[in-house]
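For reference, the structure is listed below as structure tokens.
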Amino acid sequence: MLLVEHQDAVAIVTLNRPEAMNALSKALRAALQQALSELDADPSVKVIVLTGAGERAFTAGLDLKELSTDPLGMGAANAVDPAQNPARAVLACSKPIIGAINGVAITGGFEVALACDVLICSTNARFADTHARVGIMPGWGLSQRLPRTIGVYRAKELSLSGNFLDARTALEWGLVNRVVEPEDLLPTAMTLAADMASIPAETLMTYKRIIDSGFDLDLADGLTLERKLSTAHNQEVTPEMVEARREAIQARGRSQ
């Protein structure tokens, strides 16, 4: 139900239940957390690409069929344990995660997408928050992350209607980084992942941490945090390291 493939310093994690629109069953949620935890601890991996099998769905969210037979199942909607809250499993990873959104990302699937660091989607992608239509409230962060991403008025339009948002509009609203044809989705994500992976791992993780941690603060506190983490990191950088990387940057600029 979960595939993990390694290509150099990039790991591709695929939600592999296409017959169920890659719905997040209890077992799949646990498998995703375990895989991300292992990849986070693997020094050979610098960047992760998260996608879904097939072209219909990235993930349709919680497996409602499974929940309908489990009287305790709805507790998953408010789970704190990353083994049962996949958005937390994504957020807990210190390495960049690129969401390659191949199809619909619905409700809990939308929340998982929002937890990624970068979103690239195919023209088949659509996003929907159907919490209100199901009669439940979001518990994996959607009500707070979505307004911060696209603005409160647009977030209310989506969440209070349950309507779908197509890929092109998602791009216009700033929800995703780019939209590509389905056959170009994984190659585009992998190219970006390779660009990120060409940067030292510790630098990647520290920069991601500065952005994520500071985003939760007001500007003054965020700048204080940046100064603290930046000072600690930069003290370990030698002039020789800077010179070597400067030459690599110049060479890369000439080739692009």
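Descriptive notes on the structure:
- An ellipsoid equivalent to segment 103-239, defined through the eigenvalues of its Cα gyration tensor, has semi-axes of 31, 21, 11 Å when rounded to whole angstrom and sorted largest first.
- Degrees, to the nearest 10: 239-255 long Cα axis against longest axis of the chain: 70 degrees
- Note on residue 46: lysines with a C-alpha under 20 Å away, same-chain residues under 8 apart excluded, are 95, 208.
- Across 220, 189, 83, mean-square fluctuation computed from a Gaussian network of the chain (C-alpha pairs under 10 Å connected) peaks at 220.
- Shape of segment 87-144, Cα gyration tensor, a/c cut at 1.5: oblate
- Inter-label distance, residue 41 to residue 168: 4.7 nm, where each label sits 7 Å from its Cα along the C-beta direction.
- The ratio of the alpha-carbon radius of gyration of segment 2-197 to the globular-protein estimate 2.2 N^0.38 Å is 0.94.
- Sparsely packed chymotrypsin sites (Phe, Trp or Tyr not before Pro) within segment 102-181, loop by DSSP, other Cβ within 10 Å at most 13: none
- Each label was represented as a point 7 Å from its Cα along the Cα-to-Cβ direction; for residue 223 and residue 7 these points are 4.2 nm apart.
- Per-pair calculated FRET efficiency, R0 = 22 Å: residue 136 and residue 161 via Cβ, rounded to 0.05: 0.85
- For the chain, built as a Gaussian network whose Cα springs stay under 10 Å, the top-fluctuating residue of 222, 135, 214: 135
- Cross-link partners of residue 65 among lysines (Cα-Cα below 18 Å; sequence separation of 8 or more within a chain): 26
A short reminder: the numbers here are calculations on the coordinates, not readings from a lab. Since the model is a prediction, treat every value here as computed from it, not as a measurement. Here Cβ is always computed from backbone atoms with ideal geometry, including for glycine, and neighbour counts include all displayed protein chains.
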